[in-house]
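Reading through the structure tokens given below for one structure.
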Amino acid sequence: MNQRFLSRLSAELDGFLQFKRSLGYRYVRAEYALVEFDRFLQDYIAHQRRDWRLDQAMVAWLASKPGRKAVSVSMDAAVLRQLCIYLRRLPNHARLREPLWPKLPTESSFVPHVLSESDILRLLDLATQLGRPPFRAPLYRALILVLYCTGLRFGEALRLRLRDVNTRDGVLFVETFKWRARWVPIHRSLSRELDVYLTARRAFAPAQPDDRFFVSVNRQRLSPGTAAGTLRTLFTKAGLKPSRGRTGPRPYDLRHAFAVQRLSRWYRQGVDLHSHLPWLSAYMGHVDILGTETYLTATPELLELAGGRLRRRFMQSPEENPER
């Protein structure tokens with residue numbers, strides 16, 4: 001078995017990771033951070049030799065990548081704080097000096113780009129122009145439709161297998177993610193679109209039940225990097241994103257667009273939102289509506305629909321509204 005940690009602190013890091021997982025935490029992202037810190041610590045100790053201090057090494061690691069977002073550095077700092085608490089319980093580290101932690105935001109201030117229906121139609125039109133090989137056109141058309149029409153997470157869509165897609169019954173099966181698996185019903189119009197893609201998919205690459213639903217031009221699984229790069233190219237060609245920089249829509253923003261469009265449609269239909277929001281949460285794979293609130297961006301259209309409902313309910317005269 002490969003050794004996970006290699007520095008002088010390897011035993012403590014491995015013990016900390018096992019301790020956290022014994023409490024029920026998956027600690028997946030934290031493991032990546034700890035491995036990265038472990039590799040940094042190896043070089044740090046080699047250069048500092050006898051004069052090294054763990055608290056200074058922690059601060060040096062956090063400052064070693066100045067181009068990162070503040071919230072990302074804050075998440076790594078939170079892992080190191082927990083590590084310090086664990087280490088002080090051990091006899092050899094009882095006198096560990098905790099660093100003076102930087103004050104950083106704990107939540108991202110990123111504002112998602114909510115794609116409109118016209119934006120989606122433009123992207124679908126551009127997807128049909130992809131070539132080399134011709135399979136790319138139906139591939140990215142199907143991927144955009146799945147992301148926009150179901151609100152699946154980007155990774156969830158790319159992990160779909162052929163056995164997970166039932167176009168006859170109109171349902172997708174999303175394998176366990178964040179401790180949960182779920183069935184996702186789809187509209188018959190999306191089923192028809194996926195049938196068209198499946199015809200091209202079976203002609204292009206082997207199609208066993210356990211094979212990935214979305215495959216790349218090399219007939220292997222479609223990687224997140226490849227898919228995201230192509231979608232960013234389509235965003236740029238559609239005039240939604242500049243050629244350089246982080247501004248503009250991301251592939252994940254299709255999930256935001258799904259949530260906002262679903263809420264807008266419910267407003268137009270006059271449904272009881274309080275009773276329907278739990279349905280949206282379950283459909284998107286959230287435990288409760290608190291996780292879904294992140295995706296409910298207040299767009300101008302959504303605010304207008306909400307304001308219209310408020311006016312109709314509370315600003316009508318008694319003659320127009322007999323119930324008052």
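The values are calculated or read from the model by the stated rules, or taken from the named source; none is laboratory data. Predicted model only: the values in this text are computed from it and were never measured. Cβ coordinates were reconstructed from backbone atoms using ideal geometry, including for glycine residues, and neighbour counts include every protein chain displayed. Only protein heavy atoms, including side chains, enter the accessible area calculation; ligands, DNA and RNA are left aside. Shrake-Rupley method; radii C 1.70, N 1.55, O 1.52, S 1.80 Å.
Between helix 253-269 and the chain there is an angle of about 40 degrees, using the helix long axis and the longest principal axis of the Cα atoms. For the chain, the 222 nm mean residue ellipticity estimated from helices alone, with every DSSP H stretch of n ≥ 4 adding -39500 (n - 2.57) and the total spread over all residues, rounds to -17000 deg cm²/dmol.
How charged is the neighbourhood of K237? Take every other residue with its Cβ under 15 Å from the Cβ of K237, and add Lys/Arg as +1 and Asp/Glu as -1. Neighbour charge sum, excluding K237 itself: +4. Looking at the stretch 1-51, the accessible area is 69 square angstrom per residue; that uses a 1.4 Å probe and ignores ligands, DNA and RNA. Within the stretch 1-105, none of the GluC sites (Glu not before Pro) combine a DSSP coil assignment with at most 11 other C-beta atoms in a 10 angstrom radius.
The trypsin sites (Lys or Arg not before Pro) of the stretch 153-244 meeting both criteria, a DSSP state outside H, G, I, E and B (loop) and at most 15 other C-beta atoms within 10 angstrom of the site's C-beta, are R168, K178, R219, R244. Compute the distance from the alpha-carbon center of the stretch 144-172 to that of the stretch 1-33, in whole Å. Centre-to-centre distance over Cα atoms comes out at 33 Å. Angle between the Cα long axis of helix 188-204 and the longest principal axis of the chain, 0 to 90 degrees, nearest 10? Helix 188-204 sits roughly 60 degrees off the main axis of the chain.
Applying the criteria of a DSSP loop state and at most 16 other Cβ atoms within 10 Å to the trypsin sites (Lys or Arg not before Pro) of the stretch 53-95 yields R53, R68, K69, R88, R89, R95.
Centre-to-centre separation between the Cα atoms of the stretch 240-286 and those of the stretch 182-224: 23 Å.
Maximal additional length on extending the R244-D125 stretch stands at 40.6 nm, based on 0.36 nm per residue less the C-alpha distance. Summing Lys and Arg as +1 and Asp and Glu as -1 over all other residues whose Cβ lies under 14 Å from the Cβ of W101 gives a net charge of 0. A straight chain from A282 to N92 at 0.36 nm per residue would run longer than the Cα-Cα distance by 63.7 nm. Considering only A257, A63, A157, the mean-square fluctuation computed in a Gaussian network model of the chain, springs between alpha carbons under 10 angstrom, is largest for A63. Remark: the chain carries a charge dipole of roughly 820 debye about the Cα centre, counting +1 on each Lys and Arg Cβ and -1 on each Asp and Glu Cβ. Protein heavy-atom accessible surface, 1.4 Å probe, per residue over the stretch 219-267: 48 Å². Counting only chymotrypsin sites (Phe, Trp or Tyr not before Pro) that DSSP places in a loop and that have at most 12 other Cβ atoms within 10 Å, the longest clean stretch of the chain runs over 180-324.
For the chain, the share of accessible area belonging to carbon and sulfur comes to 53 percent (1.4 Å probe, ligands and nucleic acids excluded). Note on I289 and Q82: the model spin-label points, each 7 Å out from Cα along the C-beta direction, lie 3.0 nm apart.
Working from label points 7 Å from Cα in the Cα-to-Cβ sense, the H47 to A228 distance is 2.8 nm. Pick out which of L162, L54, L254 has the largest mean-square fluctuation in a Gaussian network model of the chain, springs linking Cα atoms closer than 10 Å. Largest GNM mean-square fluctuation: L54. Grab the other residues whose beta carbon is less than 12 angstrom from that of L158, score K and R as +1, D and E as -1, and report the net. Local net charge: +2.
Put simply, the amide H of R221, placed in the peptide plane, has neighbours under 5 Å in S216, leaving out anything fewer than 5 places away on its chain. Taking 0.36 nm per residue of sequence separation and removing the Cα-Cα distance, the R29/Q269 pair yields an extension gain of 82.3 nm.
So how tilted is helix 224-237 from the main axis of the chain? Cα-based, degrees 0 to 90, rounded to 10. Helix 224-237 sits at roughly 50 degrees to that axis.
Pairs of lysine residues in the chain that meet both criteria, 8 or more places apart or on different chains and Cα atoms under 28 Å apart, total 10. Applying the Karplus relation 6.51 cos²θ - 1.76 cosθ + 1.60 with θ = phi - 60° to the stretch 38-43 yields 3J(HN,Hα) values of 4, 5, 4, 5, 4, 5 Hz, where x marks Gly and Pro.
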